[in-house]
1. Which of the residues belonging to region 132-151 are assigned to a loop (DSSP other than H, G, I, E, B) and modelled with pLDDT of 90 or more?
2. If you go through region 63-93 one residue at a time, how many are in a strand (DSSP E or B), under 26 Å from the mean Cα position of the chain (by Cα) and either under 22 Å from residue 44 (Cβ atoms) or touching a residue at least 40 places away in the same chain (Cβ under 8 Å) (or both)?
3. Considering only residues of region 45-62 that are more than 19 Å from residue 123 (Cβ to Cβ) and not in a strand (DSSP E or B), which is modelled with the lowest pLDDT?
4. Considering (1) touching a strand residue (DSSP E or B) at 6+ places or on another chain (Cβ under 8 Å); (2) surrounded by fewer than 20 Cβ atoms within 10 Å (Cβ to Cβ); (3) over 18 Å from residue 177 (Cα atoms), say which one residue 125 fails and leave the rest.
5. Filter region 170-183 down to the residues that are surrounded by fewer than 22 Cβ atoms within 10 Å (Cβ to Cβ) and over 18 Å from the mean Cα position of the chain (by Cα), then identify the one that is farthest from residue 132 (Cα to Cα).
6. Which ranges mark the strands (runs of 3 or more DSSP E) fully within region 184-274 that have 2 or more residues being within 26 Å of the chain's Cα centre (by Cα) and either surrounded by 13 or more Cβ atoms within 10 Å (Cβ to Cβ) or at pLDDT 90 or above (or both)?
7. Go through region 86-99 and count every residue that is surrounded by fewer than 19 Cβ atoms within 10 Å (Cβ to Cβ) and in contact with a strand residue (DSSP E or B) (Cβ under 7 Å, 6 or more places away or on another chain).
8. For region 275-297, what are the residues that are touching a strand residue (DSSP E or B) at 6+ places or on another chain (Cβ under 7 Å) and either surrounded by 15 or more Cβ atoms within 10 Å (Cβ to Cβ) or closer than 24 Å to residue 321 by Cβ (or both)?
């Protein structure tokens with residue numbers, strides 16, 4: 001599913017060699033932001049999108065096996081909200097998920113919303129999901145669970161003192177009633193964006209982790225849990241507990257690096273100049289101090305970073321006698 005720069009909607013079906021089998025084209029009109037597509041059991045195709053021109057309405061479009069248009073339905077969550085994901089239900093209908101604000105007696109919270117439809121897109125019911133008192137949750141992805149019901153992923157806030165948004169994983173039944181929820185994260189920003197549940201005792205959660213460093217870098221985060229969302233993840237150490245020692249600094253020929261506490265994994269390193277241009281890179285077993293030659297580099301100020309780890313970048317100076 002492709003959205004062009006002029007806001008036309010184009011669906012292509014291709015073979016394994018990239019040859020186009022058929023295409024469906026929707027002329028420019030209401031702006032459609034395509035999100036997800038599904039191959040249905042009857043051979044049809046369903047696509048979910050969000051309309052940016054009319055109150056962020058959620059849209060379902062279905063095509064037959066030959067790419068011919070069948071029907072299109074628009075949905076709006078009561079009180080406003082943003083559509084984010086859709087799952088195919090056991091009765092061949094659809095369960096749309098989004099999120100928006102819902103007022104309580106004392107405050108306004110962000111909660112997941114659900115709209116259930118039949119196989120032709122007719123709305124059957126709508127409900128919102130309270131996760132807990134004072135908790136803000138934005139639902140970004142929903143998939144059918146192997147053992148029935150659905151798994152939902154997104155972000156959760158106001159759940160732990162000192163934490164920014166954390167990855168959210170929850171389980172709901174077929175009526176969108178909450179069975180359990182978990183969250184994963186540290187004092188940074190984490191978000192769950194995709195879920196996989198191919199076997200009953202295993203859930204994979206894919207998202208991002210944003211480390212609050214001088215580079216404000218973003219990393220991909222993958223978590224594996226059992227079927228109940230429970231995992232044994234070593235806690236991420238606070239950055240203030242992690243140290244990078246470079247010596248000598250300034251350096252002429254050989255730079256020594258010590259990372260503490262010593263990581264139990266191979267560490268990637270990247271050297272760049274102050275403009276951000278990468279000068280050199282490599283990978284080391286950092287359980288012990290390691291070193292590399294810098295006498296081939298010009299004199300100046302450089303930065304060594306350790307992508308994929310939580311060690312902060314460090315400056316060093318090369319001098320020439």
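The values are calculated or read from the model by the stated rules, or taken from the named source; none is laboratory data. Keep in mind the model is a prediction, meaning the values are calculated, not measured. Here the Cβ positions follow ideal geometry from the backbone for every residue, glycine too, while neighbour counts run over all protein chains shown.
1. Residues satisfying the conditions are 145, 146, 147, 148, 149.
2. Residues flagged as in a strand (DSSP E or B), under 26 Å from the mean Cα position of the chain (by Cα) and either under 22 Å from residue 44 (Cβ atoms) or touching a residue at least 40 places away in the same chain (Cβ under 8 Å) (or both) within region 63-93 amount to 8.
3. Of everything passing the filter in region 45-62, 53 is modelled with the lowest pLDDT.
4. Here residue 125 clears every test but (3).
5. Restricting to residues being surrounded by fewer than 22 Cβ atoms within 10 Å (Cβ to Cβ) and over 18 Å from the mean Cα position of the chain (by Cα), the top hit is 174.
6. 189-199, 202-210, 218-225, 266-273
7. 3
8. Of everything in region 275-297, those that are touching a strand residue (DSSP E or B) at 6+ places or on another chain (Cβ under 7 Å) and either surrounded by 15 or more Cβ atoms within 10 Å (Cβ to Cβ) or closer than 24 Å to residue 321 by Cβ (or both) turn out to be 279, 280, 284, 286, 290, 291, 292, 293, 294, 297.
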